[in-house]
Amino acid sequence: MKVIPKKAFRFYFFAFVVTGALVFGALQIKQPVITNPPVTGDIQAPAEVKVILRRACYDCHSNETNLRWYDKIAPVSWKVAAHIKRGRELMNFSEWNKLAPVDQKAKLWECLNQINAGAMPVKDYETVHTSSKVSEQDLNTLKNYLNTITGITPMDTAKLNARDKQYELLKNRATAITSLPKALNGVEFIPDYKNWQAISTTERFDNGTMRVIFGNEVAVKAIKDHQINPWPKGTVFAKVAWDQVVDNNGNITTGAFKQVEFMIKDKEKFVSTHGWGFARFKTPKLVPYGKTVMFTNECINCHRPLSDNDFVFTQPIKN
């Protein structure tokens with residue numbers, strides 16, 4: 001082995017340090033522009049809730065970003081700027097007044113769901129900004145707040161009437177569906193999901209719905225083989241949603257059918273949405289969701305924080 005002379009080693013080391021310093025300095029010349037636009041309508045919530053949101057969410061999801069000195073050093077500053085840009089696009093607490101009340105509740109539920117799944121705050125952000133960590137107590141505070149603004153009314157007359165009306169229509173329907181509806185991205189409705197195995201359940205207490213997730217044979221086999229991250233090609237999930245109907249004793253049953261959503265794993269076919277095809281069919285008429293094919297961006301943006309979990313929120317119930 002050839003030994004590098006001590007003098008030459010010092011020269012190379014010095015050259016390396018100088019080059020690194022020059023590159024680092026050059027990176028600082030052109031920094032991303034990060035500004036705080038005016039707050040047009042901040043979320044109104046109890047003080048204990050606002051404290052958690054400000055600490056854990058506002059740096060990326062508001063117009064009140066607090067940049068630390070280390071957030072302003074390139075190349076970190078470019079990543080921070082990208083986080084802020086995308087965070088404000090997806091949910092901005094400083095423009096809360098632009099959302100309808102039902103959408104505000106949905107955004108809060110999405111926020112809570114992603115925190116509960118460990119997807120938010122983003123881990124590399126939380127590692128550096130340790131104060132953003134959401135504790136179990138914080139999570140319970142957020143859950144309790146959301147429950148107070150989305151409470152379910154026992155024996156809800158509107159939901160009972162909707163359920164009974166839907167049942168009568170289905171019972172008296174003379175003909176079955178002759179052609180299968182298709183989403184704008186080409187995903188066709190899969191009627192056989194009713195014969196699949198239920199693998200998990202979830203609820204949307206922001207809008208009073210309950211959901212059952214069914215998996216096809218590929219999904220069920222993957223669960224048995226413990227091969228779910230990533231899920232294999234051909235995996236299909238069907239998430240079916242109904243109204244929650246609560247009686248005076250607190251018992252919950254299904255109300256009117258709301259929709260069925262599909263997730264189909266095929267990384268070659270669905271490249272733009274990270275290997276998952278999405279489709280949603282609403283009401284018993286199975287009306288495809290979305291005005292353009294770009295509706296899939298809405299779907300993957302919701303699932304994107306779960307990239308380390310193959311973009312899947314609900315995990316199979318373990319037997």
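Every number here is computed from the coordinates shown, using simple stated rules; none is lab data. Because the structure is predicted, anything quoted here is derived from the model rather than measured. We place every Cβ from the backbone using ideal geometry, glycine too, and count neighbours over all the protein chains shown.
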From phi via Karplus (6.51, -1.76, 1.60), per-residue ³J(HN,Hα) for the stretch 192-204 in Hz, x at Gly/Pro = 6, 4, 5, 9, 7, 8, 6, 10, 5, 9, 7, 9, 10
key: Under 5 Å, built H, 5+ apart or other chain: amide partners of residue 199   = 213, 214, 215
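Is there a quick way to get the dipole size of the stretch 47-149? I mean about its Cα centre, with the Cβ of Lys and Arg at +1 and of Asp and Glu at -1; what is the value in debye to the nearest 20? Write down the numbers at each step before the final one.
On the way: 15 positive and 12 negative charges, 35 e Å.
Taking the Cα centre of the stretch 47-149 as origin, the dipole is about 160 debye.
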request  = Work out the length of the dipole vector of the stretch 157-309 about its Cα centre, built from +1 on the beta-carbon of each Lys and Arg and -1 on the beta-carbon of each Asp and Glu, and round it to the nearest 20 debye.
outcome  = 320 debye
Computed magnitude of the charge dipole of the chain (debye, nearest 20; Cβ of K, R +1, Cβ of D, E -1) = 1060 debye
query = Amide H neighbours of residue 235 under 5 Å, counting only residues 5+ apart in sequence or on other chains, H built in-plane at 1.01 Å?
reply = 265
query = If Lys and Arg each add +1 and Asp and Glu each add -1, what is the summed charge of the other residues whose beta carbon sits under 9 Å from the beta carbon of residue 314?
reply = +2
message = Quick test of the membrane-span-like rule: which DSSP H helices of the chain reach at least 18 Å along their long axis (C-alpha atoms) with mean Kyte hydropathy at least -1.0?
response = 6-29, 76-90, 101-116, 136-149
inquiry  = Restricting to DSSP H runs of at least four residues, report the calculated mean residue ellipticity at 222 nm for the chain, -39500 (n - 2.57) per run over all residues, nearest 500 deg cm²/dmol.
reply    = -12000 deg cm²/dmol
query = Arranged by the count of other C-beta atoms within 10 angstrom, fewest first, what order do 220, 80, 33 take?
reply = 33, 220, 80
ask   = Using the per-residue mean of other Cβ atoms lying within 10 Å as a proxy for protection, in what order, highest first, do the peptides 244-252, 273-281, 45-53, 89-97 fall?
value = 273-281, 89-97, 45-53, 244-252
query = Excluding same-chain residues fewer than 8 positions from residue 182, which lysines have a Cα within less than 23 Å of its Cα?
reply = 194, 233, 239, 258, 265, 267, 269, 282, 285, 291
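What value does the chain have for Rg/Rh, both radii from Cα atoms and Rh as Kirkwood defines it?
Values: Rg = 24.8 Å, Rh = 23.1 Å.
Result for the chain is an Rg/Rh of 1.07.
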note = If unit charges are put on Cβ atoms (+1 for Lys and Arg, -1 for Asp and Glu) and the dipole of the stretch 124-239 is taken about its Cα centre, the option from 137, 181, 212 lying farthest towards the positive end turns out to be 181
request  = Along each of the three principal axes of the Cα atoms of the stretch 47-149, give the extent in whole Å, ordering the values from largest to smallest.
outcome  = 43, 30, 23
message = Using +1 at the C-beta of Lys and Arg and -1 at the C-beta of Asp and Glu, which of 297, 262, 314 has the Cα lying farthest in the positive direction of the dipole of the stretch 254-319?
response = 262
ask   = Tell me, what does the Kirkwood hydrodynamic radius of the stretch 213-277 come to in angstroms if you use every pair of distinct C-alpha atoms?
value = 13.6 Å
request  = Towards the positive end of the charge dipole of the stretch 47-149, with charges on Cβ (+1 Lys, Arg; -1 Asp, Glu), say which of 115, 149, 87 has the farthest Cα.
outcome  = 87
ask   = For residue 138, what is the net charge nearby, where nearby means another residue's Cβ is under 11 Å from its Cβ and Lys, Arg count +1, Asp, Glu -1?
value = +1
query = What span do the alpha-carbon atoms of the stretch 157-309 cover on each of the three principal axes, reported in whole Å from largest to smallest?
reply = 45, 36, 27
